[in-house]
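**Q** Quick one: structure below, then a few questions.
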Amino acid sequence: MINIAPFVSCKYQPLINFRDGLTINRFIPPRRKDKVVIVIGATGTGKSRLSIDLANHFSAEVVNSDKMQVYKGLDIVTNKVTEEETCGIPHHLLAFVDPNETFTATDFCQHASLAVDSITRKGQLPIIAGGSNSYIKALVNDDIEFKSRYECCFLWIDVKLELLQRFVSERVDKMVKDGLVEEAREFFNPDGDYTSGIRRAIGVPEMDEYFRNEDKLINEDALDEMLQRAIENIKTNTCKLACCQRENILRLERQLGWNINRLDATEAFEKKGGESHQAWRRLVSEPSARFVHYFLGEELLNIPTPPSSSSSTSFLPAVATATH
């Protein structure tokens with residue numbers, strides 16, 4: 001009779017033994033992460049402009065990360081990019097939420113993840129652009145699924161604060177000429193509730209006193225004074241927002257260890273006309289394109305180092321991965 005040894009399961013008898021605690025998992029390469037570009041900066045610095053510049057240069061689509069621009073309505077007040085300004089570039093998460101709804105950072109993460117996924121599935125580069133840094137933090141730093149799937153390159157457009165404040169004040173004047181008052185009137189709330197939805201946007205609460213009194217039989221000069229005071233409050237609060245946004249970016253860079261490519265657009269804001277466009281291209285759009293080319297792993301030859309404006313700006317793009 002032939003004796004056959006009992007079957008021994010490989011489960012208990014590994015075929016390969018590794019020394020020093022190595023396992024076969026160490027030899028499996030990690031999954032390649034998809035790339036995402038994130039454009040940040042204070043209000044009025046040109047985030048939409050740069051995102052469209054980059055989207056025209058690369059095969060890309062834009063995802064809005066401004067917490068007021070996600071709402072329908074108040075296009076002038078919230079300074080939404082116009083259809084003409086998009087140059088045909090698809091924009092996601094723009095004017096799609098009911099004005100009265102509450103849209104949270106969690107909601108943004110869910111919608112932004114879906115948008116980014118749909119863009120990458122088409123072989124396009126997602127560019128997230130907007131001034132709501134709390135949304136960016138929630139997505140990049142707190143959303144585990146996003147962190148595990150995507151690698152991010154940060155581009156920060158910075159402008160000398162004094163100059164930026166003058167620019168946003170002038171922009172408010174232009175918005176008033178374009179119909180800001182008439183647009184805000186449609187969202188006037190007699191109950192004075194400006195704590196939720198799109199009514200939180202700068203440009204609506206400031207007009208409350210004027211709207212409450214414009215139909216009353218009061219002195220025209222007094223009414224005009226109320227209007228001018230409201231416009232000045234809009235300018236003041238917009239400037240305060242710009243300061244807070246800039247401080248938030250510096251804090252995120254410091255506390256979370258984000259490496260951010262800073263692009264100083266001050267000269268582009270100081271100049272006018274064609275000289276301004278040339279400075280923007282030289283200091284912002286062209287260096288940004290070089291950063292993104294390198295970030296995407298594309299070989300570049302004979303490309304000069306872009307001008308440095310801070311210690312955080314270098315030719316090698318700053319990258320935030322899933323493990324900060």
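**Q** Residue check: is ILE202 part of a loop (DSSP other than H, G, I, E, B) and over 28 Å from LEU94 (Cα atoms)? Break it down into steps so the answer makes sense when it comes.
**A** Details: part of a loop (DSSP other than H, G, I, E, B): yes; over 28 Å from LEU94 (Cα atoms): no.
Answer is no for this residue.
**Q** Quick one: in the range 170-188, which of the residues that are at pLDDT below 95 and surrounded by 15 or more Cβ atoms within 10 Å (Cβ to Cβ) is farthest from the chain's Cα centre (by Cα)?
**A** PHE188
**Q** Considering only the range 87-98, state which residues are modelled with pLDDT of 95 or more and touching a helix residue (DSSP H, G or I) at 6+ places or on another chain (Cβ under 7 Å).
**A** ILE89, HIS92, LEU93
**Q** Tally the residues that are under 15 Å from TRP258 (Cα atoms) and outside any helix (DSSP H, G or I), restricting the search to the range 123-151.
**A** Number satisfying all stated conditions: 2.
**Q** Keeping to the range 229-286, report how many residues are over 18 Å from GLY44 (Cβ atoms), touching a strand residue (DSSP E or B) at 6+ places or on another chain (Cβ under 7 Å) and charged (D, E, K, R). Quick ask: steps written out before the conclusion?
**A** The first filter runs over the range 229-286 and keeps only residues over 18 Å from GLY44 (Cβ atoms), leaving 229-230, 251-261, 273-275, 278, 281-282, 286.
With the extra rule that they be touching a strand residue (DSSP E or B) at 6+ places or on another chain (Cβ under 7 Å), the set shrinks to 253, 258-261.
Remaining after also requiring charged (D, E, K, R): 253.
So the answer is 1.
**Q** Given the structure, is ILE89 among the hydrophobic types (A, V, I, L, M, F, W, C), in contact with an Asp or Glu (Cβ under 7 Å, 6 or more places away or on another chain) and either closer than 25 Å to PHE188 by Cβ or in a loop (DSSP other than H, G, I, E, B) (or both)?
**A** Values: among the hydrophobic types (A, V, I, L, M, F, W, C): yes; in contact with an Asp or Glu (Cβ under 7 Å, 6 or more places away or on another chain): yes; either closer than 25 Å to PHE188 by Cβ or in a loop (DSSP other than H, G, I, E, B) (or both): yes.
Judged against the criteria, ILE89 is a match.
**Q** Would you mind stating whether LEU263 is surrounded by 15 or more Cβ atoms within 10 Å (Cβ to Cβ) and not polar (S, T, N, Q)?
**A** Values: surrounded by 15 or more Cβ atoms within 10 Å (Cβ to Cβ): yes; not polar (S, T, N, Q): yes.
Spelling it out, LEU263 is indeed surrounded by 15 or more Cβ atoms within 10 Å (Cβ to Cβ) and not polar (S, T, N, Q).
**Q** Would you call ILE157 part of a helix (DSSP H, G or I), in the same structural domain as ILE76 (by TED's automatic domain parsing) and buried (at least 20 other Cβ atoms within 10 Å of the Cβ)?
**A** no
**Q** Then there's this: Of all residues in the range 37-61, how many are in a strand (DSSP E or B) and surrounded by fewer than 23 Cβ atoms within 10 Å (Cβ to Cβ)?
**A** Of the range 37-61, the ones in a strand (DSSP E or B) are 37-41, 60-61.
After this cut, where a residue has to be surrounded by fewer than 23 Cβ atoms within 10 Å (Cβ to Cβ) as well, the list is 60-61.
Here the count works out to 2.
**Q** Test each condition in (1) more than 28 Å from LEU125 (Cβ to Cβ); (2) in a helix (DSSP H, G or I) for GLU267 and report the one that comes out false.
**A** Here GLU267 clears every test but (1).
**Q** Are any of the residues in the range 271-280 in contact (Cβ under 8 Å) with a residue 60 or more places away in the chain, closer than 26 Å to MET175 by Cα, assigned by TED's automatic domain parsing to the domain that holds SER48 and acidic (Asp, Glu)? Please lay out each step first, then the result.
**A** Within the range 271-280, the first condition is being in contact (Cβ under 8 Å) with a residue 60 or more places away in the chain, and the residues that meet it are 280.
Cutting the leftovers down to closer than 26 Å to MET175 by Cα gives us 280.
If we keep only those that are assigned by TED's automatic domain parsing to the domain that holds SER48 as well, we get 280.
Filter once more, keeping what is acidic (Asp, Glu): none.
Taking every residue of the range 271-280 in turn, none turns out to be in contact (Cβ under 8 Å) with a residue 60 or more places away in the chain, closer than 26 Å to MET175 by Cα, assigned by TED's automatic domain parsing to the domain that holds SER48 and acidic (Asp, Glu).
**Q** Here is a follow-up. One residue is enough: does the range 114-122 have a residue meeting the conditions assigned to a loop (DSSP other than H, G, I, E, B) and surrounded by 13 or more Cβ atoms within 10 Å (Cβ to Cβ)?
**A** no
**Q** Something else about it: Which ones in the range 169-199 are in contact (Cβ under 8 Å) with a residue 40 or more places away in the chain, of a type outside the set (Ser, Thr, Tyr) and assigned to a loop (DSSP other than H, G, I, E, B)?
**A** GLY179, GLU186, PHE187
The values are calculated or read from the model by the stated rules, or taken from the named source; none is laboratory data. All values derive from a computational prediction rather than experimental measurement. Cβ sites come from the backbone with ideal geometry, for glycine too, and all protein chains shown count toward neighbours.
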